[in-house]
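Okay, structure first, notes after.
The values are calculated or read from the model by the stated rules, or taken from the named source; none is laboratory data. Predicted, not measured: the structure shown is a model, and the values here were computed from it. Glycine gets a Cβ as well: all are built from the backbone with ideal geometry, and neighbour counts include every protein chain shown.
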Amino acid sequence: MLSEYVVSLPRADMPVPGPPLPEIALAGRSNVGKSSLLNLLVGRKALARASRTPGKTRALNVYLWGRCYLVDVPGYGWSQASKTERAGWRRLVDARREPSRDDLAFGAVLAARKVPTLVVLTKGDEIPRGRRGERAQAIAEALGMPADDVLVTSARTREGAEEIRDAVLAFLG
Ligand code: GTP
Ligand code: MG
């Protein structure tokens, strides 16, 4: 699928210039692997910039991907970002961790607004294969999400990319 960089927006209330298309935001805590996941999905090594240093993504970076926009969102919970910067951004969960308070709060906002949500557990390669299913189940329960809407991925092994693509295509209809 065609993918290309479109624009970097400093605030979430700014419109994406260009044709109106569904927008899929990759949101989650800082350093969880959002930018790496975006690259995995589009099949390009460095379309979005990933980094070991938390807080790498500082604006809402918008990419055209087939018939939708992918939006690489700055991570929440990154303390060095200024308050004003954080106020401007307004779900990815590290498979090894429990959902944070921010994850739960964000999930509640999405549910209240009926925003279709897929929970992506990142860095699945850090968990033994035999334990991934039970982690996904436990996190789905903690978030109150159906188990089918929780997917385990790894940008290292490329595991899970196809499932997310399928879910996105089904959502786009
Ligand atoms: P911010 O932009 O700071 O919010 O971070 P981000 O969520 O975009 O994370 P990013 O993709 O930059 O990745 C953060 C770190 O996690 C980097 O060191 C990546 O190499 C590492 N990482 C990302 N995905 C994976 C994965 O699937 N497995 C492992 N083991 N490491 C990963
Ligand atoms: Mg990033």
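From the list Val42, Val7, exactly one residue is β-branched (Val, Ile, Thr) and more than 15 Å from ligand 2 (Cβ to nearest atom). Which is it?
Values: Val42 fails: more than 15 Å from ligand 2 (Cβ to nearest atom).
Result: Val7 is the single residue among Val42, Val7 that is β-branched (Val, Ile, Thr) and more than 15 Å from ligand 2 (Cβ to nearest atom).
Please tell me if Ser51 is among the small types (Gly, Ala, Ser) and in a loop (DSSP other than H, G, I, E, B). Can you show your working first?
Details: among the small types (Gly, Ala, Ser): yes; in a loop (DSSP other than H, G, I, E, B): yes.
In short, yes.
Looking at Asn39, is it under 26 Å from Leu104 (Cα atoms) and at pLDDT 95 or above? Spell out how you get there, then give the answer.
Numbers: under 26 Å from Leu104 (Cα atoms): yes; at pLDDT 95 or above: yes.
Answer is yes for this residue.
Which residue out of Glu141, Glu134, Glu159 is more than 16 Å from ligand 2 (Cβ to nearest atom) and assigned to a loop (DSSP other than H, G, I, E, B)?
Values: Glu141 fails: assigned to a loop (DSSP other than H, G, I, E, B); Glu134 fails: assigned to a loop (DSSP other than H, G, I, E, B).
Only one candidate qualifies: Glu159.
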